[in-house]
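No value in this document is a laboratory result; all are computed from the given coordinates. Everything quoted here is computed from the prediction, not taken from an experiment. Neighbour counts are summed over all protein chains in view; Cβ atoms, including those assigned to glycine, are modelled from backbone coordinates with ideal geometry.
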Amino acid sequence: MIPHVLNVVLFLPLIGMAAVLLARRSDNAARWTGLITSLLTFVVSLELFFSYDAANPAMQFVEKVSWISALNVSYHVGLDGISMLLVVLTTFLTPIVLISSWNSIAKQVPAYVALMLLLETAMIGVFSSLDTFLFYVFWEMILVPMYFIIGIWGGKERIYATVKFFIYTMVGSLLMLIAIIWLGYYASTLPGGEFTTDIIKLFDIAPTIPLDIQSWMFAAFALSFLIKVPAFPLHTWLPDAHVQAPTGGSVILAGVLLKMGTYGLIRFNLQFFPQASLEFASFLSALGVVGIIYGALVSMVQKDVKKLVAYSSVSHMGFILLGIFGVTVEGLQGGLIQMINHGLSTGALFLLVGMIYDRRHTRMIADFGGLARQIPVFSTFFMIVTLSSIGLPGLNGFVGEFLVLLGSFNSPVLDSPWYVIFAATGVVFAAVYMLWMFQRVVFGVSRSEENKKLTDLTTREIGLLLPVILFIVWIGVYPFTFLQKSEPTIQRVVEKLEQVQRGELLSTTVSDQ
Amino acid sequence: MEQLLTDTWLTAPIGGTILLSLIVIMINALKKDSLAAEYWVSLIGIAANIVLAVVVFPDRGTAFSGMVMTGGYASITAILFLTAAGLTILLSREYIEKIGVNFGEFYHLILLATTGMMTFSAGTDLVVTFIGLELMSISLYVLAGISRRHHKGNEAALKYFLLGAFASGFFLYGIALIYGMTSTTNILEIAQNMQAYMSEPLFLTGVGLLLVGFAFKVGAVPFHMWVPDVYEGSPTMVSAFMSTGAKASAFTAFLLIFTATFDIAGTQINTVLAILAVASMVIGNVVALSQNNIKRMLAYSSIAHAGYMLIGLTAGGMMSITGVLFYLISYMFTNIGAFGIAAIIENKEQGGTEIDNFRGLYYRHPALAVMMSIFMFSLVGLPPLAGFFGKYYIFVAAIENGYTWLTIIGVITSMISVYYYLRVVVVMFFQTDEEAEKSSLASSSVFALLLSAAGVLLIGVFPSMVLDWMSRLF
């Protein structure tokens, strides 16, 4: 048992960042410091996973210290079943990203490692904050390191992409800031209430907001999160950012940053504004379905592998959206596991695309072909990950998509099979675009002489892919390990929404705890 | 006699600063090559006056028969102006030598202007307020044109002087009308009968004229025309001092008279303030988008920030006073830092104030580029920097007082501002300049910049450090 384990996980990367900046003379020192810090963080975060008490749906590992007393803001963090899994996903992906950038990032190495570690702290902070002010601080803190990672180490159009990324996110989050303040103000207008940003208190307070205002609050939060997800039609920053970002940036972006959006939808939209959630559920599910089909269709015509993977993210994130707003235990569980799946599969796809790009300096499908014979190890990994992304039974993608579709089909809120009927076509499309791409890249004859010179994966590259593959198979075969951790939490979320739907929770008195 | 001594002691920061400015000008007159001596005397004197302001902080009240405030609010504002002056002097040492205005009068005028600022924002009698305003303004007119051979500087000084004199005229006329109605110039006495006066058109006209004077001094739209030209033409460090010290002083006086004393919340004047706030935020931010000169960009940004602070004045109440004060402190650190770096670039690097002159700065002076980014992100309002918390506090105050619509306009204009602040970061980090040479930096400038950056970070992460002091303002 480690005391204050969540604090350790949260601030260890920050300490690592300071160390990297102090030792900035040598690139290798920076790489090693970063790797050791992030591995240590991962090991410590395993404690979160193993000692998390699944039977208890309340927040665990809670830390609370008063921070800004004038505004009643505290440093208040804690994890439930949803956020715990996402924190572990973050700590798992960060060392992999650092290893993957070992050689491909050659300039300004200490700065890169420092920014990655800062990003890690901010991401863990987003998932573990139990105070809206603190959440907002971490939410915005993500922007700066990501902005620099794309801007300094990105491709040709990096400036356009990174500024677009920054502005899109800011647009959403500033309106969320108003909503955060308004929630605090609303708490102070209640009898005996005071201005508060405490999420635990707001869980009780926010649902009592009258529906018309609740809808505005819901919209302010949802806009911010839907941009991040990204849901159609707010997704246009994503392909640009992904294509221009260096491999490590893409992996973090797809693996963790997008999940902040779906996490926020569950944590804030569903839990703060249950009535408005029910009102908006069909609309947002429909957006999810549109995203699934749109993302898949656009992926199909891409010539650039990385862009294809980026658009496939839009499609996959659509499933998560559908799962969340079906508001059933299966759908939400599927959505959550799909968040992790997408982090693993798409993360791995970006890693593989990055590896081939490092060798060939192109990502055009047309330039490849016949890789199976030339670099078989690469092709094998590529195939496993592709199949996982398609949702082949036995691998992780299937579990998530199946649960989402099941949940939406049974959903009393959506109450229509059409969502599932359309969403299921997305599964078919996914098979089409992924397999077609895979076939053109890996099979057939080589379309360029340069492909003959390609070398297969190094030990380092195999080493960083193996853990990802392990979890891809694990979740595919035995998802219960992960699902059981989050089930009670999700059950509680759904129960509350069901109560609201039956009209029971409307006249709740505010409990001042 | 005893009363006189007590009052003198309680207003010691003001007296101390004017004494200091006299000492500095005496050194200048009596000693040859005295620049170094004046520099050190000014810095030490400023530090001593800050200590004085801290010591008299608990004695909240008024002195000299209710003419000036002491302790609390007056102390905090005094510390704010003195810090701004200190940072300006630290950053100016090298700068004024480079641009050839290394006259001893420079320090003297900065200190004189600081005295004016302290008087301006502590005056509880409109005559005292006016004296402070003029002392500050006249010193700044001279400072704006101190680079005598520089025609843009001359233009800036003349423009500032003519428009400033015009604004002072409005201000004075307002005082005259208020005096005509109330037969007093003491704002505390006026406040006691506020209800009765508010229905008098003549009194309202007087207050309106005061408002025009203030709006001019804080650079709010539509009285902002002078800001870009003066900031661009004046020596960069003088612009830094104007945009932080002078603006803060006008705002704190504005707050003291309109929000803390007259308590105009819920009157017609409030509507005017709301309109000024919206116009400043929109025009400041939109016009800043198209600026290529860093000083003009910062000038329009300062107009926009005046708009954010006017949200606080519109909302009213203690919360707003605290919020605006916090905003001013964070803005002081941020803007002195940003202008300070602009001054270094202007002299050291390619010798210009275009944003393009920052190209590839990160690859020559990583520390400068990182600090400039901190300042830019703080101006954007990104947590956990001070600029964010200032905005947050003002927005909380506005929403609690029913001005949610103003905060929505505030955040929409903030979104616009992201673009031009980021542009500076883009050229520093994402572009490179092969030709530029790496130059050395003066340690005094680096020290001042580090102080500013540390200030932006520290009071951003731990705003309670400042807020705790502000719970005892009046």
Inset, instruction - Grab every C-alpha pair in region A:321-397, bin the distances at 5 angstrom width from 0 up to the longest one, and report whole percents. - result: 3, 14, 19, 20, 15, 10, 7, 6, 4, 1
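Per residue of B:410-417, what is the mean number of Cβ atoms on other protein chains within 10 angstrom of that residue's Cβ?
Averaged over the peptide's residues, the number is 4.
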Legend entry - Residue order, fewest to most beta carbons within 10 Å, for B:183, B:42: B:183, B:42
Inset, instruction - For region B:1-263, evaluate the Debye formula with one uniform point scatterer on each Cα (no solvent term) and list log10 I(q)/I(0) at q = 0.07, 0.10, 0.13 Å⁻¹, rounded to two decimals. - result: -0.24, -0.50, -0.82
Legend entry - Inter-label distance for residue A:36 and residue A:65, nm, one decimal - labels placed 7 Å from Cα along Cα-to-Cβ: 2.5
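List the trypsin sites (Lys or Arg not before Pro) within region B:27-79 that DSSP assigns to loop and that have no more than 10 neighbouring Cβ atoms inside 10 Å.
B:32
For region A:274-501, take N as its residue count and report Rg(C-alpha) divided by 2.2 N^0.38 Å.
Normalised by 2.2 N^0.38 Å, the Cα Rg of region A:274-501 equals 1.09.
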Legend entry - Coarse-grained scattering of chain B at q = 0.07, 0.10 Å⁻¹, given as base-10 log I(q)/I(0) from a Debye sum over alpha-carbon atoms: -0.32, -0.67
Legend entry - Inter-probe distance in nm under a simple model that places probes 7 Å from Cα toward Cβ, at residue B:205 and residue B:22: 4.1
Inset, instruction - Work out the length of the dipole vector of the protein assembly as shown about its Cα centre, built from +1 on the beta-carbon of each Lys and Arg and -1 on the beta-carbon of each Asp and Glu, and round it to the nearest 20 debye. - result: 2380
Legend entry - Semi-axes of the equivalent ellipsoid for chain A, Cα gyration tensor, largest first, Å: 36, 27, 20
Legend entry - Shielding by partners - mean other protein chain Cβ count within 10 Å, residues of A:170-182: 6
Inset, instruction - Take every Cα-Cα pair in region A:166-223 and report what % of them are more than 15 Å apart. - result: 48
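Within 10 Å, count the other beta carbons around each residue, average over each peptide in B:191-202, B:2-13, A:77-88, and list them highest first.
In descending order of packing, they fall as A:77-88, B:2-13, B:191-202.
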Inset, instruction - Below 24 Å Cα-Cα, how many Lys pairs turn up in region B:1-263? Only count pairs eight or more apart in sequence, or on different chains, if you could. - result: 8
Legend entry - Value of Rg/Rh across region A:1-97 [Cα atoms, Kirkwood radius]: 1.05
Inset, instruction - Multiply the residue gap between residue A:167 and residue A:58 by 0.36 nm, knock off their C-alpha separation, and tell me the result in nm, one decimal place. - result: 35.7 nm
Inset, instruction - Please report, to one decimal in angstroms, the Kirkwood hydrodynamic radius of region B:266-474 built from all distinct Cα-Cα pairs. - result: 17.5
Inset, instruction - Translational diffusion coefficient, Stokes-Einstein: compute it for region B:397-444 using the Kirkwood radius over C-alpha pairs as Rh, at 37 °C and 0.692 mPa s, and state it as an integer in µm² s⁻¹. - result: 227
Legend entry - Pairwise centroid distance, computed over Cα atoms, of region A:60-138 with region B:191-209, Å: 54
Legend entry - Kirkwood hydrodynamic radius of region B:360-455, from inverse mean 1/r over distinct Cα pairs, in Å: 15.2
Legend entry - Measure of compaction for the protein assembly as shown (Cα Rg per 2.2 N^0.38 Å): 1.00
Legend entry - Estimated distance in nm for a label pair at residue B:196 and residue B:432, the labels positioned 7 Å out from Cα along Cα-to-Cβ: 7.6
Legend entry - Least to most buried among B:141, B:179, A:185, B:362 (fewest other Cβ within 10 Å first): B:179, A:185, B:141, B:362
Inset, instruction - Using a 10 Å cut-off on Cβ to Cβ distances, tally the other chain neighbours for every residue of B:393-404 and report the average as a whole number. - result: 4
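Mind sorting A:153, B:40 by how few other Cβ atoms lie within 10 Å of their own Cβ, fewest first?
B:40, A:153
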Legend entry - Model label zone, residue B:188; criterion: amide N under 20 Å from point 7 Å along Cα-to-beta-carbon; scope region B:250-265: B:252-264
